[in-house]
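Have a look at the structure below, then the notes.
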Amino acid sequence: MTESCRDAVAGETGDDALWAARHAVLAAGYGGRPDPDDPAQVLAMPIVLHIPKADPPPRSALLEAAATAAVALCLDSRVGPDETGAPGPWQEDYLAWIGSRIRKVSRRARGAGWRAAQEVDGITVDVDGAQARALVPVAVGALDPRIRKLQIGGTDLDHDDPGEIPDGIPVLWINSALNMTVGKAAAQVGHASMLLAGAMTTEQARAWAATGYRCAVRDADVGLWEELTIEVVRGRAVAVRDAGFTEVAPGSMTVIACP
């Protein structure tokens with residue numbers, strides 16, 4: 001995990017009341033406000049994936065970094081008020097986004113493009129050398145030029161075999177039947193980590209934060225996916241259902257997060 005993320009995640013849960021207030025916003029859910037008439041005013045969280053051409057990272061580790069970065073930003077002290085009650089620097093943009101139809105747009109970067117992305121407000125996470133940066137949500141028409149120039153499509157990553165799942169951490173299971181690109185999957189696991197944190201108690205979420213929101217991302221085949229959907233029905237897991245703007249049909253269940 002990068003030093004910037006370690007500071008923002010593991011060491012800055014902050015005052016109990018302020019932490020609880022930030023978690024309450026996430027726990028309340030999102031998506032209540034309809035889209036604006038002007039498409040340029042639609043709000044989205046950009047997720048930048050570091051995919052060097054010469055030595056690309058493992059797919060699973062990159063998705064774990066994206067999932068961690070998304071939830072870390074949502075519970076960062078800068079999305080809420082400070083100790084004096086003054087709004088944090090990211091609060092207005094974050095609250096506007098979380099009150100609308102949640103969107104994330106993944107882009108890939110390498111070299112100078114990745115370095116430039118570090119200058120835009122957000123949180124970078126490194127998982128075993130795989131890096132992703134979640135940026136403060138913004139209207140798509142007002143996206144920082146340094147991010148707008150990064151490609152949305154293009155390079156994908158092969159599915160990998162990340163090995164055993166470490167004990168005691170949440171698992172985000174991807175519906176392998178949908179065959180999502182790495183960019184689409186990054187957005188979906190970002191949704192899943194947010195839903196999972198919101199479904200936790202405040203104390204559970206703080207305990208997860210203390211680990212740096214460590215999680216595992218794995219592919220689920222058809223048989224396992226059927227078992228996981230039963231866990232969702234029983235209330236023991238949370239599921240992401242996609243709006244269907246890209247790649248998958250509306251209402252598709254893309255990721256199931258198991259605590």
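The values are calculated or read from the model by the stated rules, or taken from the named source; none is laboratory data. No experiment lies behind these values; they were computed from the predicted model shown. Here the Cβ positions follow ideal geometry from the backbone for every residue, glycine too, while neighbour counts run over all protein chains shown. Areas reflect the complete protein model, heavy atoms only, side chains present, ligands, DNA and RNA absent. Shrake-Rupley method; radii C 1.70, N 1.55, O 1.52, S 1.80 Å.
What to note about this one:
- Contact map, the range 209-229: residues that are free of Cβ contacts under 8 Å to residues at least 60 places away in the same chain paired with residues that are part of a helix (DSSP H, G or I) and open to solvent by 80 Å² or more (accessible area, probe 1.4 Å), Cβ distance under 9 Å, separation 6+ or inter-chain. Pairs shown: ALA220/GLU227.
- Yes/no for VAL79 being open to solvent by less than 10 Å² (accessible area, probe 1.4 Å) and without any contact (Cβ under 8 Å) to a residue 60 or more places away in the chain: yes
- GLN91, sole failed condition from (1) open to solvent by less than 20 Å² (accessible area, probe 1.4 Å); (2) in contact with a Gly (Cβ under 8 Å, 6 or more places away or on another chain): (1)
- Selection within the range 190-235 - open to solvent by 60 Å² or more (accessible area, probe 1.4 Å) and on the phi > 0 side of the Ramachandran plot: GLY235
- Lone qualifier among ALA187, ALA243 - being in a loop (DSSP other than H, G, I, E, B) and of a type outside the set (Lys, Arg): ALA243
- When restricted to residues that are of a type in the set (Asp, Glu) and in contact (Cβ under 8 Å) with a residue 24 or more places away in the chain, the range 153-185 contains 3.
- Residues in the range 161-188 that are β-branched (Val, Ile, Thr) and farther than 13 Å from CYS258 by Cβ were compared, and the one that is surrounded by the most Cβ atoms within 10 Å (Cβ to Cβ) is VAL182.
- For the range 186-225, residues that are within 18 Å of VAL248 (Cβ to Cβ) and out of contact with any strand residue (DSSP E or B) (no Cβ under 6 Å at 6 or more places or on another chain) total 2.
- Look at (1) of a type outside the set (S, T, N, Q); (2) modelled with pLDDT under 95; (3) touching a Pro at 6+ places or on another chain (Cβ under 7 Å) and you find that GLY168 fails only one, number (3).
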